[in-house]
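Since every read-out is calculated from the coordinates, none of them should be taken as a lab result. Just so you know, these numbers come straight off a predicted model, no measurement behind them. Note that each Cβ is placed from the backbone with ideal geometry, even for glycine, and that neighbours are counted across all protein chains shown.
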Amino acid sequence: MKRSCLVLLAHGSRNAKWSGTLDTALDPLRDEFGRERVYLAYLQMARPTLSDVVRTVAAEGARTIRILPLMISEGNHLQEDVPSEVEALVEEYPSISIEVLPPIGKHPLFQEMMRRLVRESL
C-alpha cells in the first residue's frame, strides 16, 4: 500500500505543445522517486485534472497527498479554485490527508534559481 504521493499541479493550456516541457521533466522525477509517488495534474484545459489524479491515487491506496503548485505566485486559482476543489476531494476521500503546499515561486530554491538565471543573463 502506498503511503504518500506528490502531485505537481500546473495551470494547463489548450496548446498541446505547452505540456511537453512538463512531461519531459516528469519522467526523470518519477524514475527517481517512484512512478506511483509523483504525478502531474492540470488546473484547466488539459488532462489529467487534479480530481482525476486524486481518484487514481486513492484507488491505488494513497493515504497522504501533497500538492505542489507549479506556479510563481498565488492568484485566484490558488486562493479560490484549488482550495474549493481540495475541499470537495477531502469530503469525497475523508481517510486521505490532502495538503496544498505553497507555490514554487515562494520556495527559497526557486528564488535562488531566479537569482542565478538573472546573473547569467546580465
- [ ] Out of Val90, Val82, Val86, Val100, report the one residue that is buried (at least 17 other Cβ atoms within 10 Å of the Cβ) and out of contact with any Pro (no Cβ under 8 Å at 6 or more places or on another chain).
- [x] Val86
TODO: Among the residues of segment 38-67, write down those that are out of contact with any Lys or Arg (no Cβ under 7 Å at 6 or more places or on another chain), surrounded by fewer than 18 Cβ atoms within 10 Å (Cβ to Cβ) and outside any helix (DSSP H, G or I).
DONE: Gln44, Arg47, Pro48, Thr49, Arg66
Task: Condition check for Asp31: more than 15 Å from Ile104 (Cα to Cα), surrounded by fewer than 17 Cβ atoms within 10 Å (Cβ to Cβ), under 14 Å from the mean Cα position of the chain (by Cα) and not basic (Lys, Arg) - done: no
Task: Residue among Val38, Val118, Val53 that is in contact with a Phe, Trp or Tyr (Cβ under 9 Å, 6 or more places away or on another chain) and not acidic (Asp, Glu) - done: Val53
